[in-house]
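A.B. asks: Please see the structure below; I have some questions.
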Amino acid sequence: MPRRRAPITTMTNRQELQTALDALLQPERFKDYCPNGLQVEGHSEVRKIVSGVTASLALIEAAIAQGADTIFVHHGLFWRGHDGRVTGWLRQRLGRLLQHNINLFAYHLPLDALPELGNNAQLGVRLGFQVTGRFGEQQLGCIGGALAAGAAGPSAGSVSLCEEGFAGAQALADHVESFLGRTVVLVPGRSGPVRRIAWCTGGAQGYFEDAIAAGADAFITGEISEPQAHLARETGVAYLACGHHATERYGAPAVAEHIAAQFGLEHVFIDIDNPA
């Protein structure tokens with residue numbers, strides 16, 4: 001269901017919005033597989049932002065129904081390797097955006113890496129993890145531990161980690177499942193407590209070896225490929241595949257809400273269900 005703030009009449013222009021988003025997300029710092037920033041130009045005046053994970057046709061139609069002039073997503077329309085032809089699904093999505101003059105902003109790796117508001121940071125906050133370090137290519141992955149019961153949140157200054165961690169990989173998986181509301185694919189690794197947890201949202205299965213090298217007891221991401229099950233069994237590091245979409249639902253609305261508050265805009269987050 002859409003999550004909505006009370007309507008606000010303040011507006012900004014598209015260029016000011018893009019400048020603010022680029023200043024926050026710093027896309028120039030990243031080597032990425034897609035263009036980050038404004039992907040489709042629409043209204044010059046911006047009053048209402050709809051955020052979501054992916055610029056699917058369903059999200060675009062929902063944004064049209066909401067009367068939005070701007071969409072902010074993690075997964076946009078254009079990716080490296082696309083041959084450039086505007087046909088089929090791409091024509092449908094692009095056609096609806098152009099027909100309704102809607103701006104499309106998309107930030108991929110910059111949204112994963114952003115401290116506090118990004119996908120990895122927001123997933124960690126929601127699962128009760130404290131970031132103590134970064135790992136992996138472009139330092140996208142987070143590593144840390146579970147906060148002790150009653151500890152302050154990550155932005156509240158002094159925090160303490162739970163020294164006992166989780167009783168085991170299954171206890172960690174149960175914790176993640178209870179929050180995400182979906183079944184986790186677990187390769188448990190060695191028995192015993194899980195104290196040092198690494199995570200990187202979405203399709204970050206290629207970061208597993210980096211997480212192992214960083215000293216993780218368990219690695220949380222969205223997807224699993226064939227090699228990771230063997231690595232988990234052979235190294236003893238637990239692997240949890242929790243859903244690409246399920247782990248990346250939190251960065252886009254956090255950033256859009258932050259920017260909307262900065263300019264006094266209306267913002268609605270629309271979560272299009274996805275089993276992946």
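The values are calculated or read from the model by the stated rules, or taken from the named source; none is laboratory data. Remember, it's a predicted structure, so these values are computed and weren't measured experimentally. As a convention, Cβ positions derive from the backbone with ideal geometry for all residues, glycine included, and neighbour counts pool all protein chains shown. Accessible surface areas use protein heavy atoms only, side chains included; no ligands, DNA or RNA. Shrake-Rupley method; radii C 1.70, N 1.55, O 1.52, S 1.80 Å.
A.B. asks: Give the number of residues within segment 207-224 that are outside any helix (DSSP H, G or I) and closer than 12 Å to Val237 by Cβ.
C.D. replies: First, pick out the residues of segment 207-224 that are outside any helix (DSSP H, G or I): 214-224.
Narrowing further to those that are closer than 12 Å to Val237 by Cβ: 214-220.
Final tally of qualifying residues: 7.
A.B. asks: Please state which of the following conditions Val159 fails to meet, knowing it meets all the rest: (1) at pLDDT 95 or above; (2) assigned to a loop (DSSP other than H, G, I, E, B); (3) hydrophobic (A, V, I, L, M, F, W, C).
C.D. replies: The single condition Val159 does not satisfy is (1).
A.B. asks: Continuing with the same structure: Among the residues of segment 226-249, write down those that are of a type in the set (S, T, N, Q) and touching a Gly at 6+ places or on another chain (Cβ under 6 Å).
C.D. replies: Residue satisfying the conditions is Thr247 alone.
A.B. asks: While we're here: Could you tell me whether any residue of segment 239-252 is at pLDDT below 95 and part of a loop (DSSP other than H, G, I, E, B)? Before the answer, list the steps.
C.D. replies: In the first step, residues of segment 239-252 are kept if they are at pLDDT below 95; the result is none.
Scanning segment 239-252 turns up no residue that is at pLDDT below 95 and part of a loop (DSSP other than H, G, I, E, B).
A.B. asks: Given the structure, is Leu111 in contact with a Gly (Cβ under 9 Å, 6 or more places away or on another chain), open to solvent by 20 Å² or more (accessible area, probe 1.4 Å) and on the phi < 0 side of the Ramachandran plot?
C.D. replies: When the stated conditions are applied, Leu111 does not pass them.
A.B. asks: Taking the condition out of contact with any Ser or Thr (no Cβ under 8 Å at 6 or more places or on another chain) and either among the aliphatic types (A, V, I, L, M) or in contact (Cβ under 8 Å) with a residue 40 or more places away in the chain (or both), does Leu123 pass?
C.D. replies: No, not satisfied.
A.B. asks: Further, regarding this structure: Name the single residue that is nearest to the chain's Cα centre (by Cα) among those in segment 182-206 being free of Cβ contacts under 8 Å to residues at least 40 places away in the same chain and in a loop (DSSP other than H, G, I, E, B).
C.D. replies: Residue satisfying both the conditions and the ranking: Thr183.
A.B. asks: Can you tell which of Ala62, Ala58, Ala23, Ala6 is on the phi < 0 side of the Ramachandran plot, among the small types (Gly, Ala, Ser) and modelled with pLDDT under 95?
C.D. replies: Working: Ala62 fails: modelled with pLDDT under 95; Ala58 fails: modelled with pLDDT under 95; Ala23 fails: modelled with pLDDT under 95.
Going through Ala62, Ala58, Ala23, Ala6 in turn, just one is on the phi < 0 side of the Ramachandran plot, among the small types (Gly, Ala, Ser) and modelled with pLDDT under 95: Ala6.
A.B. asks: Need a quick list: strands (runs of 3 or more DSSP E) entirely within segment 10-93 having at least 3 residues that are surrounded by 12 or more Cβ atoms within 10 Å (Cβ to Cβ) and more than 23 Å from the chain's Cα centre (by Cα).
C.D. replies: none
A.B. asks: Can you pull out every residue in segment 94-108 that is of a type in the set (A, V, I, L, M, F, W, C), open to solvent by less than 40 Å² (accessible area, probe 1.4 Å) and part of a helix (DSSP H, G or I)? Steps first, please.
C.D. replies: Let us first name the residues in segment 94-108 that are of a type in the set (A, V, I, L, M, F, W, C), namely 94, 97-98, 102, 104-106.
Still in the running and open to solvent by less than 40 Å² (accessible area, probe 1.4 Å): 94, 97, 102, 104-106.
Matches in segment 94-108: Leu94, Leu97.
A.B. asks: Determine, yes or no, whether Val131 is farther than 29 Å from Asn13 by Cβ, touching a Cys at 6+ places or on another chain (Cβ under 6 Å) and surrounded by fewer than 22 Cβ atoms within 10 Å (Cβ to Cβ). Please lay out each step first, then the result.
C.D. replies: Values: farther than 29 Å from Asn13 by Cβ: yes; touching a Cys at 6+ places or on another chain (Cβ under 6 Å): yes; surrounded by fewer than 22 Cβ atoms within 10 Å (Cβ to Cβ): yes.
The answer is yes for Val131.
A.B. asks: When only residues in segment 253-273 that are open to solvent by 60 Å² or more (accessible area, probe 1.4 Å) and more than 17 Å from Leu123 (Cα to Cα) count, which is modelled with the lowest pLDDT?
C.D. replies: Asp273
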